[in-house]
Amino acid sequence: MSRHFRVWRGDSSGGEIRDYDVDVNDGEVVLDIIHRIQATQAPDLACRWNCKAGKCGSCSMEINGKPRLGCMTRMSTFEESETVTITPLRAFPVIRDLVTDVSFNYTKARETPAFSPPEGLAPGEYRMQQIDVERSQEFRKCIECFLCQNTCHVVRDHEENKEAFSGPRSFIRAAELDMHPLDARSDRKEYAQANQGLGYCNITKCCSEVCPEHIKITDNAIIPLKERVVDRRYDPLVWLGRKIFRRDQLAEAPPAGVAPDAHLDVGEMLSTQSGGPSPFGDDQTFPLTDITYQHPAPGSPSREG
Ligand code: SF4
Ligand code: SF4
Ligand code: FES
């Protein structure tokens, strides 16, 4: 059956949405359709992909305005009469057609302090129990598709925030290392607050909603990191210390970005960061007000839709 598609074509100098009518077979995904367009109508259509199994994280794109993996979005998700519009990730510069320059994410990855080995142990001597790694193991499922980075309103329409804000993918890495039983650094949450822009996140959970690995980015990584930034301020022993000692006797200063009352900087928390019109056509609504993504129930046969 022939169905109607609209695909953004262009490069860094500009582009347009083009129309394609393409045959669709039962069981196909959006990436199949892109391949068919390449094979039959537009051999120069650029699209990044690799595994076609939801594991390499290459085929990230926006489908009817929602950040998704092309290879994991079944055509049965859409009504038969529905036009499917495919555009590049919006938060990153376009190279050509559906291919964007995602190097921002690698730059931020390099800025995250690496695992710090425990003193006195050589590689091969590290020992951990499963119970100690269970909490952070969820974050190792990340396939680096960067859909979460693309969705986050802090950078989606705000290029100027990219320098100060590392994004949800970096936050799960920071949380993973912070929860690592053998990591020797004890300042990961303070580092995330001071150097990775953790305070810019106002826990809207959009990143969690689009994660194809169903990582609970906000609940399990960002919120625990934020709590740990401030929890020493609420620690009853610290509270007692503040009662006993004079202010000038207390060596501990609040971490950067945390006010003396232990609240995060209000200016960061109240940032509205609304989205602008889509650069890829006027048929989309941003920011994504209609995300109603539900984590599938355990055992659910479908991971998308
Ligand atoms: S929860 Fe935080 S990191 Fe995730 S999309 Fe919202 S603001 Fe961005
Ligand atoms: S956390 Fe999820 S959405 Fe973000 S890069 Fe990893 S797999 Fe993709
Ligand atoms: S092609 Fe690998 S995740 Fe889609």
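The values are calculated or read from the model by the stated rules, or taken from the named source; none is laboratory data. Remember, it's a predicted structure, so these values are computed and weren't measured experimentally. Note: ideal-geometry Cβ built from the backbone for every residue, glycine included; neighbour counts use all protein chains shown.
Side notes on the structure shown:
- Those residues of region 194-223 which are over 17 Å from Val133 (Cα atoms), within 13 Å of ligand 1 (Cβ to nearest atom), touching a residue at least 24 places away in the same chain (Cβ under 8 Å) and not hydroxyl-bearing (Ser, Thr, Tyr), in sequence order: Gln196, Gly197, Leu198, Gly199, Cys201, Asn202, Cys206, Cys207, Glu209, Val210, Cys211, Ile222
Every residue, every condition in (1) over 30 Å from Pro279 (Cα atoms); (2) modelled with pLDDT of 95 or more; (3) of a type in the set (Lys, Arg), yes or no:
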residue	(1), (2), (3)
Arg140	yes, yes, yes
Asp157	no, no, no
Ala164	no, yes, no
Arg188	yes, no, yes
Cys206	no, no, no
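- Condition check for Ser103: touching a residue at least 12 places away in the same chain (Cβ under 8 Å) and among the small types (Gly, Ala, Ser): no
- Within region 146-167, the set of residues being closer than 21 Å to Gly70 by Cα and either surrounded by fewer than 22 Cβ atoms within 10 Å (Cβ to Cβ) or within 12 Å of ligand 2 (Cβ to nearest atom) (or both) comprises Phe146, Leu147, Cys148, Gln149, Asn150, Thr151, Cys152.
- Some residue of region 227-237 being under 29 Å from Cys56 (Cα atoms), among the acidic types (Asp, Glu) and modelled with pLDDT under 95: no
- Selection of region 26-82 for residues being hydroxyl-bearing (Ser, Thr, Tyr), modelled with pLDDT under 95 and either part of a loop (DSSP other than H, G, I, E, B) or under 16 Å from Asn150 (Cβ atoms) (or both) yields only Ser81.
- Hits in region 61-89 (condition: near ligand 3 (Cβ under 8 Å from one of its atoms) and either under 15 Å from the mean Cα position of the chain (by Cα) or on the phi > 0 side of the Ramachandran plot (or both)): Leu69
- So Ala109, is it part of a loop (DSSP other than H, G, I, E, B), within 16 Å of ligand 1 (Cβ to nearest atom) and under 21 Å from Cys206 (Cα atoms): no
- Hits in region 60-77 - residues which are more than 11 Å from ligand 2 (Cβ to nearest atom), in contact with a helix residue (DSSP H, G or I) (Cβ under 6 Å, 6 or more places away or on another chain) and in contact (Cβ under 8 Å) with a residue 60 or more places away in the chain: Thr73
- Residue in region 140-154 that is of a type in the set (D, E, K, R), touching a Leu at 6+ places or on another chain (Cβ under 9 Å) and under 19 Å from Ile223 (Cβ atoms) present: no
- Residues within region 172-193 that are under 16 Å from the mean Cα position of the chain (by Cα) and within 15 Å of ligand 1 (Cβ to nearest atom), tallied: 5
- Test result for Asn105, modelled with pLDDT under 95 and either away from ligand 2 (no atom under 14 Å from the Cβ) or over 17 Å from Gly14 (Cα atoms) (or both): no
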